[in-house]
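Novice: Before anything else, here's the structure in question.
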Amino acid sequence: MDVNDRDYVNSLARGLEVICAFTRARPRMTLSDVARATGMTRASARRLLLTLVREGYAEKAEKLFALKPKVLQLGYSALSSMGMLDIIQPIINDLSKSLRESVFVAVLTGEDATYVARATADRLMSVSFAMGGRAPAHAVSTGRMLLAMEPEAALHAYLDRVTLEKLTPNTVMSKVKLRGLIEQARADGFAIVDQELEVGLQSVSVPIRDGSGRTIAVLNVCCPTARISSEDMHRRILPELQAASRRITAAL
């Protein structure tokens, strides 16, 4: 497309450049960082950043800017328009019905796992996260699995900046131990977390890959510990979760 075309909206294009400048390795940036990453002047970057803040797509804390969850609406719209959620939803519906447990799909946003699809079991006692809901990546199996699929530099940056919050007596509070668990999840191809986010809740996650083998999200099952034992998680839940992940990859 000719950049001089009268239909070309330069300010929109530059705004999208600013959004794309934020990455998993750079979730928070100063004005100078954004200007340098995009090749803009500080004045141009400042106007665009403050516009994103005003519209609710970004936030500013002292000198640091970061994207807010509202920006996920753009990605959700893209996934929907590409038909990916249309493919994923029936499969997780089938899995939830088979297991009679809640099933979720999550992506990594900064230091959190964000839930973008779900299928909730028809039980009196079932686990439910709202669409767009977030959980600290260090304390959930979705987060551990997503971090395991990150490049080493991005994982190192995450561990360097994250503040581990003790949510239950089981929450891992050592960054050395957390790194070991993430590396174990990478080697195993799955992550299981037992009562680190909430007492009485355990979960297991596996990666969802596209046709080229790239991880695009994780597939997760959450269960009450009162109903599902650790042995059940490994012997019954995990194999069905892995099979559903393969179905999604094949469909994609």
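The values are calculated or read from the model by the stated rules, or taken from the named source; none is laboratory data. A quick note: this is a predicted structure, and the numbers were derived from the prediction, not measured. Glycine also receives a Cβ, built like all others from the backbone with ideal geometry; neighbour counts cover every protein chain displayed. When the accessible area is computed, the model is the full protein with side chains, heavy atoms only, and any ligands, DNA or RNA have been set aside. Shrake-Rupley method; radii C 1.70, N 1.55, O 1.52, S 1.80 Å.
Novice: What number of residues within the stretch 191-220 satisfy the criterion of being open to solvent by less than 50 Å² (accessible area, probe 1.4 Å), of a type outside the set (Asp, Glu) and over 19 Å from Asn170 (Cα atoms)?
Specialist: The total comes to 10.
Novice: Might you let me know whether the stretch 126-137 holds any residue that is out of contact with any Pro (no Cβ under 9 Å at 6 or more places or on another chain), under 20 Å from Ile248 (Cβ atoms) and either open to solvent by 50 Å² or more (accessible area, probe 1.4 Å) or not in a strand (DSSP E or B) (or both)?
Specialist: Taking every residue of the stretch 126-137 in turn, at least one turns out to be out of contact with any Pro (no Cβ under 9 Å at 6 or more places or on another chain), under 20 Å from Ile248 (Cβ atoms) and either open to solvent by 50 Å² or more (accessible area, probe 1.4 Å) or not in a strand (DSSP E or B) (or both).
Novice: Please count how many residues of the stretch 37-53 are over 15 Å from Lys63 (Cβ atoms), without any contact (Cβ under 8 Å) to a residue 24 or more places away in the chain and more than 24 Å from the chain's Cα centre (by Cα).
Specialist: Result for the stretch 37-53: 4.
Novice: Looking at the stretch 37-50, which of its residues are touching a strand residue (DSSP E or B) at 6+ places or on another chain (Cβ under 9 Å) and more than 24 Å from Leu147 (Cα to Cα)? So that I can check it myself, show each step before the final result.
Specialist: Restricting attention to the stretch 37-50, the residues satisfying the condition of being touching a strand residue (DSSP E or B) at 6+ places or on another chain (Cβ under 9 Å) are 37, 49-50.
Answer for the stretch 37-50, where residues must be touching a strand residue (DSSP E or B) at 6+ places or on another chain (Cβ under 9 Å) and more than 24 Å from Leu147 (Cα to Cα): Leu49, Leu50.
Novice: Within the stretch 7-22, take every residue that is free of Cβ contacts under 8 Å to residues at least 24 places away in the same chain and open to solvent by 40 Å² or more (accessible area, probe 1.4 Å) and give me the one that is farthest from Leu147 (Cα to Cα).
Specialist: Here the answer is Asp7.
Novice: Just need a number here: residues in the stretch 23-40 that are part of a helix (DSSP H, G or I) and either open to solvent by less than 40 Å² (accessible area, probe 1.4 Å) or modelled with pLDDT under 85 (or both). Before you say what the answer is, go through the steps one by one.
Specialist: Of all residues in the stretch 23-40, those part of a helix (DSSP H, G or I) come to 31-38.
Okay, now just the ones that are also either open to solvent by less than 40 Å² (accessible area, probe 1.4 Å) or modelled with pLDDT under 85 (or both), so 31, 34-35, 38.
Qualifying residue count, the stretch 23-40: 4.
Novice: Sticking with this structure for a sec: Given the conditions (1) at pLDDT below 95; (2) within 25 Å of Gln242 (Cα to Cα); (3) hydrophobic (A, V, I, L, M, F, W, C), which single one is not true for Leu178?
Specialist: All conditions are met except number (1).
Novice: What residue, of Arg144, Arg209, Arg161, Arg214, is farther than 30 Å from Leu85 by Cα, charged (D, E, K, R) and within 18 Å of the chain's Cα centre (by Cα)?
Specialist: Residue meeting the stated conditions: Arg161.
Novice: The conditions are (1) open to solvent by less than 60 Å² (accessible area, probe 1.4 Å); (2) under 23 Å from Ile87 (Cβ atoms), and Thr171 fails exactly one of them. Which is it?
Specialist: Failing condition for Thr171: (2).
Novice: OK, next. Are any of the residues in the stretch 121-137 modelled with pLDDT of 90 or more, within 24 Å of Pro239 (Cα to Cα) and either out of contact with any Phe, Trp or Tyr (no Cβ under 6 Å at 6 or more places or on another chain) or among the acidic types (Asp, Glu) (or both)?
Specialist: Checked the stretch 121-137: at least one residue is modelled with pLDDT of 90 or more, within 24 Å of Pro239 (Cα to Cα) and either out of contact with any Phe, Trp or Tyr (no Cβ under 6 Å at 6 or more places or on another chain) or among the acidic types (Asp, Glu) (or both).
Novice: Take the conditions in contact with a Leu (Cβ under 9 Å, 6 or more places away or on another chain) and either part of a helix (DSSP H, G or I) or at positive phi (or both) and apply them to Leu181. Does it pass?
Specialist: So Leu181 does not fit the description; no.
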